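The values are calculated or read from the model by the stated rules, or taken from the named source; none is laboratory data. Not measured: the values here are computed from a predicted model. Positions of Cβ are generated from backbone atoms using ideal geometry, with glycine treated the same way; all protein chains shown enter the neighbour counts.
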Amino acid sequence: MNHDSYSPDYIRGILQSVKVIALVGASPNADRPSNHVMAFLLSRGYRVIPVNPGQAGKTIHAQTVYARLADIPETVDMVDVFRAADALPGVVDEALALSHRPKVIWGQLDVRHDGAAATAEAAGLQVVMNRCPAIEIPRLGL
């Protein structure tokens, strides 16, 4: 897939189908974009599970933080990645190792790694990179 642009239908389809989102790189710092996006997604009715090894066992927006995707005790539909682009291959590998794989890998703004995307897509996952659901949801009128 060409990850330079996405059709509105592709993004809309993802955002309307996912219910549970693992937010990798979640921060308790209210000044961080991941914190704002998490709050926004929660306000829109998504179940958001924060993932941050340095915050494991604590809470962010009243949600328990997990160290790794494998530690989450429920199936997630989408993994939203707030990490440097070079961390994306590792996140994809971790997601693919889960017994119940997510349907979507979503790389936040400036999070793009074409090799990681190809790996995820070869395994049947949908991929979005260099986009923010907190921007896409209002833009698409969702």
- prompt: Residues in the range 76-88: is at least one more than 23 Å from Pro28 (Cα to Cα) and either in contact with a strand residue (DSSP E or B) (Cβ under 8 Å, 6 or more places away or on another chain) or assigned to a loop (DSSP other than H, G, I, E, B) (or both)?
  reply: no
message: So Ser5 ticks every box in (1) more than 18 Å from Pro138 (Cα to Cα); (2) at pLDDT below 95 but one. Which box is left unticked?
response: (1)
statement: From the option list Asp110, Asp114, Asp77, single residue qualifying as in contact (Cβ under 8 Å) with a residue 60 or more places away in the chain and either closer than 24 Å to Gln16 by Cα or not charged (D, E, K, R) (or both) is Asp77
- prompt: Can you tell which of Ala70, Ala39 is in a helix (DSSP H, G or I) and under 21 Å from Ile14 (Cβ atoms)?
  reply: Ala39
Residues being of a type outside the set (S, T, N, Q), within 26 Å of Arg32 (Cα to Cα) and outside any helix (DSSP H, G or I) - total across the range 104-142: 17
statement: Restricting attention to the range 13-47, the residues that are closer than 15 Å to Gln63 by Cα and free of Cβ contacts under 8 Å to residues at least 12 places away in the same chain number exactly 4
query: Looking at the range 45-67, is at least one residue over 14 Å from Ala22 (Cβ atoms), of a type in the set (Gly, Ala, Ser) and part of a helix (DSSP H, G or I)?
result: yes
message: Among the residues of the range 38-49, are any closer than 22 Å to Ala95 by Cα and of a type in the set (S, T, N, Q)?
response: no
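For every residue, the table says whether it meets (1) among the hydroxyl-bearing types (Ser, Thr, Tyr); (2) buried (at least 22 other Cβ atoms within 10 Å of the Cβ).
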residue	(1), (2)
Gln16	no, no
Ser27	yes, no
Tyr46	yes, no
Asp80	no, yes
Leu109	no, no
